[in-house]
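Notes follow once the structure below has been shown.
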Amino acid sequence: MGNLCGKVDKHDDAFDRPGRTLGGAGTGSGNARPVGGGNVQRAATAPLPPRVGGPARTLGGNSGGPGSSAAADARERAAAAAEARNAPKPTTGKLGAQLEAQKRENRNETLKKASEAEVRRREMDAQAAAAQHN
C-alpha cells in the first residue's frame with residue numbers, strides 16, 4: 001500500500017526484498033534491513049545526578065553498636081511518640097460524649113436500638129393509618 005498523494009520510492013518497497021522464513025524470525029539471519037536505511041543511532045543516556053550529602057551513613061548515627069546512647073535516645077523518643085499517638089483524646093462537648101458512647105456500645109446493643117426504633121416507626125404508621133380512616 002502506498003501513499004495516495006506521494007510518489008513511490010522503488011528502493012524502499014518492502015516487497016522487493018526477500019522475506020524471512022518462520023524459523024528465521026528474530027535469529028538475526030541478515031535478511032532484514034532496518035527501515036531507516038541502516039544508520040541507527042543510539043540515544044544518549046542521561047547523566048547521573050550528583051551525590052548530595054557526601055558518603056552514605058548507617059542508621060543510628062556514627063557511634064557504635066546497638067547499645068549506644070544515641071540509639072537508646074532515638075528508641076525512647078519513638079516510644080514516647082507512639083504513646084502520645086495512642087493516648088485517649090479528651091472528649092469535648094455533647095457531641096464528643098455521644099460519639100464516645102456510640103464507640104463503646106457493641107453490635108448487639110446497636111441492633112437492639114435499631115430494632116426498637118423500627119418497632120416505634122411501625123406503631124406510629126399504624127396510628128396514622130387508623131386516624132386517616134376515621
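Here is how the numbers come out for the structure above:
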| item | result |
| --- | --- |
| Built amide H within the under 5 Å cut-off of Thr91, gap 5+ | none |
| Length added when fully stretched, Arg122-Leu22, from 0.36 nm per residue minus Cα-Cα | 28.3 nm |
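All of the numbers you see were taken from the coordinates with simple rules; none came from a lab. Because the structure is a prediction, the values reported are computed rather than measured.
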